[in-house]
Structure formats: C-alpha cells, structure tokens
1. Could you grab me the full set of residues in region B:59-83 that are part of a helix (DSSP H, G or I) and surrounded by 15 or more Cβ atoms within 10 Å (Cβ to Cβ)?
2. Scan (1) more than 10 Å from chain A (Cβ to nearest Cβ); (2) assigned to a helix (DSSP H, G or I); (3) within 19 Å of A:Pro148 (Cα to Cα) for the single condition B:Leu39 breaks and write down its number.
3. Farther than 30 Å from A:Asp5 by Cα, of a type outside the set (Lys, Arg) and touching a Ser or Thr at 6+ places or on another chain (Cβ under 7 Å): which single residue out of A:Gly132, A:Gly71 fits that description?
4. Residues that are surrounded by 13 or more Cβ atoms within 10 Å (Cβ to Cβ), touching a Leu at 6+ places or on another chain (Cβ under 7 Å) and at pLDDT below 95: does region A:76-85 have at least one?
5. From the list B:Ala82, B:Ala59, B:Ala87, B:Ala77, pick out the single residue that is among the hydrophobic types (A, V, I, L, M, F, W, C) and at pLDDT below 90.
6. Which number in (1) facing chain B (nearest Cβ under 8 Å); (2) closer than 27 Å to B:Glu65 by Cα; (3) assigned to a loop (DSSP other than H, G, I, E, B) marks the one condition that A:Ile92 misses?
7. Filter region B:89-110 down to the residues that are surrounded by fewer than 18 Cβ atoms within 10 Å (Cβ to Cβ), within 9 Å of another protein chain (Cβ to nearest Cβ) and over 22 Å from A:Asn139 (Cα atoms) and list them by number.
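The values are calculated or read from the model by the stated rules, or taken from the named source; none is laboratory data. Not measured: the values here are computed from a predicted model. Cβ placement follows ideal geometry from the backbone for every residue including glycine, while neighbour counts extend to all protein chains displayed.
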Amino acid sequence: MLDLDEIDRALVRALAQDMSASAGALGRALGLSQPACWRRIKRLREAGVFRAARLDLDLEALSFGVTVFLGVKLATKGRVSLEDFERAVSAIPEVQTVEHVLGLYDYRLRVVARDLSDFERVLRRRIMALPGVGGLEANVLLSEEQRPGPI
Amino acid sequence: MLDDTDRRILRYMQSEPEAAMAILAERAGVTATTLSRRLDRMRDLGVLRGVRGEIHWPALGYAVEVSLRITLDKTQARAFDAFIAAAREVPEVIEIQTFLGSVDARLSVIARDMKHYQALYRERLLTLPHIADIEALMQVARVKSESRVPV
C-alpha cells in the first residue's frame, strides 16, 4: 500500500477537486518547489490513486433535469448471458453507470434524462428492450453530494 | 444557450478531460482562440465546473465499498436533515444521495477491510439518526462508469 505523508494527502485532496491544477500552483500553496510538487503528483498518479479524471458539468444547465437509479433483476439467470446484458446496457448513452451488485438486484444503473417523459422513452425503448430484464425498481435522485473521504 | 460548437467541445472534453487544449481544439474543429473563449463562457455560465479527480480508494488501502440503502422514519419532521448532517460527520462516507422512490437515502461507504467495515457499521452507521430500515448492497464489479452525458 502507498505510504502518504501530510503533503501527499493535501495534494490528493486538491487534485480530487481540480485535476487541471498545475504543479506550480499546487506547490506554491503547499510550500513546495514546482519540480518537487510535480514529482509527488507523478508518484500519486503512477500508483493509481486516481481512477479517472471527470469533467464536472452542471447537468441542469445542460437540461438534463432527471437522474434515476434503476435496480435491475435479471429474469432467467443462467439462460441470459451476463456479458450480453452488460454489453447491451453499457451501449445506451443515457446509462452513465452500470454496477454489478449483490443484494436485492443484479445490476444498478444510473440513468440521465432531460425530463420524466424523456426518461419514460429511455425506459420503454431501451432498458425494457434489453435481453433478460426481469424486475425493475426506480428511485429518482433528489440530491447528491460527494464527500472528500478519509484522506 | 449552448450551440452545436459548444456541445461538440463538451463531447470531446468528456471523453478526454485531460487532453491538451491544442488537441481538443483540433478535434472539435475550432481555433485555439475560439476554444478558450467558448470554455471561458461555459465556465461563466456555470455549465462547466472543472475537472475532478476520482480517487481509486483501493490504492489507498480501502478495499471494501458498500452501498447502504436507507429508509428513514418520516414521522420525524426533520429526519432527512438530521440524518444527512450526521452522515457528513463520518469520514468513510464518500457519497450521500436522497431519493424519491422506495428508498429515501443511499450512502457509499468505504472501509479498509470487512473487520473495519463491521466496526464502522455498528458504531457509526447504525447509530445515525431516524433510520427505520437499512440494507446493504455489496458491489461486485463496476461494468461502466462514466460521468458522460449525451450532450
């Protein structure tokens, strides 16, 4: 496991907020030279501390007003290939995330839509047309916040 | 508010948030000047908030991720607010969502291992206020994970 000191932790926190921050600016804020800061950032990135860089967009400003989480239970396990289902569901542009979970459902999907009638279209034409869908449960997202986590 | 050029820029940025500006301009078929003007405008409008880094917690020693679906006791007038405020105090809670549907809230919780998770669950999570029911979904795999929207 990666050994982090206080400065590394501060860097992880800062990069989580803004991946585009320069080594110079981050170094100045943390009392490091630009090259020293750059080396630390390189080490963190190479150790795989960041899974991905994400463009943070205001979905409502882009008129995606509705986010729905769908719990999907597959109908005929064993007969439907999980790979086929996963490939088909991942190809739907409105489906942002697909998680294979253990519990009440088999899959948990995050779906964005412009409004409820747009969501209905995605649900009927795309999701319900997927191979092997048995039960569905929908929860409309009201609020969401990302926390910094134990770093 | 956004035209086709803006949307095209956002599409390329979504697929490669860390691409250099020169490359982005070339892909989107605009000059560097146009690109920077468009980006500034979208930042001012609040559409484009920045580029965030998504932390890969296993690299930092947090191997377990659990999704807790929570039903709150709605006979308590301030159940949502009190629950969310208390959940924010737990550092291992990395995401808090609220819903309209069959569950009221969901927490993403990370832990170093199952023993750590057990301790967190008993001492910090079950003790959160106004919980009527709680149910855990263990993540098996992340099949698709994108913040991308079909702009």
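1. B:Ala59, B:Leu60, B:Ala79, B:Phe80, B:Ala82, B:Phe83
2. Here B:Leu39 meets the rest and fails (3).
3. A:Gly132
4. Checked region A:76-85: at least one residue is surrounded by 13 or more Cβ atoms within 10 Å (Cβ to Cβ), touching a Leu at 6+ places or on another chain (Cβ under 7 Å) and at pLDDT below 95.
5. B:Ala77
6. The single condition A:Ile92 does not satisfy is (1).
7. Narrowing region B:89-110 to residues surrounded by fewer than 18 Cβ atoms within 10 Å (Cβ to Cβ): B:89, B:91, B:95, B:100-102.
The next check asks that each one be within 9 Å of another protein chain (Cβ to nearest Cβ); those that pass are B:91, B:95, B:100-102.
B:Pro91 - this is the single residue of region B:89-110 that is surrounded by fewer than 18 Cβ atoms within 10 Å (Cβ to Cβ), within 9 Å of another protein chain (Cβ to nearest Cβ) and over 22 Å from A:Asn139 (Cα atoms).
Each row is one residue, and each column tells you yes or no for (1) touching a residue at least 12 places away in the same chain (Cβ under 8 Å); (2) of a type in the set (Asp, Glu).
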position	(1), (2)
B:Pro17	yes, no
B:Ala22	no, no
B:Glu26	no, yes
B:Asp40	no, yes
B:Leu48	yes, no
B:Ala59	no, no
B:Ala63	yes, no
